[in-house]
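Report on the following structure.
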Amino acid sequence: MSKANIVLNHGTLTIAGELTRHSVAEIKKNAYVNWFAHGAVNVDLSQVNKADTAGLAWLFYLLEQASHHSCQLSFSNVPEKLTKLISLSGVDGLLPLASD
């Protein structure tokens with residue numbers, strides 16, 4: 001079972017590894033405050049190698065938390081498999097995607 005490795009560097013939150021029901025359950029909620037201390041954060045998904053519907057739901061949770069902390073969130077470098085999952089889930093256009 002792999003996990004998600006999340007690093008914030010100069011306003012970019014890079015997520016590497018898996019975004020699955022197992023990995024998102026391991027992410028510490030107290031880290032969110034630090035992630036959203038910036039006015040705007042870009043979430044780089046280029047290193048995500050596996051995602052399921054729980055991982056996709058977690059991305060929406062991130063969006064909700066960012067809004068709660070008055071932080072503008074965008075997502076970039078979305079892998080093709082995650083793009084397909086977004087489309088199959090019927091949530092196209094609901095995540096703010098940055099121009100890559």
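Since every read-out is calculated from the coordinates, none of them should be taken as a lab result. For clarity, every value in this text was computed on a predicted model and none was experimentally measured.
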Summing -39500 (n - 2.57) over the DSSP H runs of n ≥ 4 in the chain and dividing by its residue number, what mean residue ellipticity at 222 nm do you reach, to the nearest 500 deg cm²/dmol?
-> -10000 deg cm²/dmol
What lysines could a cross-link reach from residue 81, if we take a straight Cα to Cα line under 18 Å and drop same-chain neighbours fewer than 8 places away?
-> 3, 50
Name the residues whose placed amide hydrogens come within less than 5 Å of the amide hydrogen of residue 47, ignoring near sequence neighbours (fewer than 5 apart) on the same chain.
-> 15
Aspartates and glutamates within cross-link reach of residue 84: Cα-Cα under 15 Å, excluding same-chain residues under 8 positions apart?
-> 52, 92
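Percent relative contact order of region 1-85, based on C-alpha pairs within less than 8 angstrom and at least six residues apart? List each step's numbers first, then the result.
On the way: 144 pairs, mean separation 26.8, N = 85.
Relative contact order here is 32 percent.
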Under the Karplus relation 6.51 cos²θ - 1.76 cosθ + 1.60, θ = phi - 60°, what is the ordered set of whole-Hz ³J(HN,Hα) values for region 30-39, x standing for Gly and Pro?
-> 5, 6, 4, 4, 5, 4, 9, 6, 7, x
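Assuming a ≥ b ≥ c are the square roots of the Cα gyration tensor eigenvalues, decide whether region 23-100 counts as rounded (a/c under 1.5), prolate (otherwise, with a/b larger than b/c) or oblate.
Prolate.
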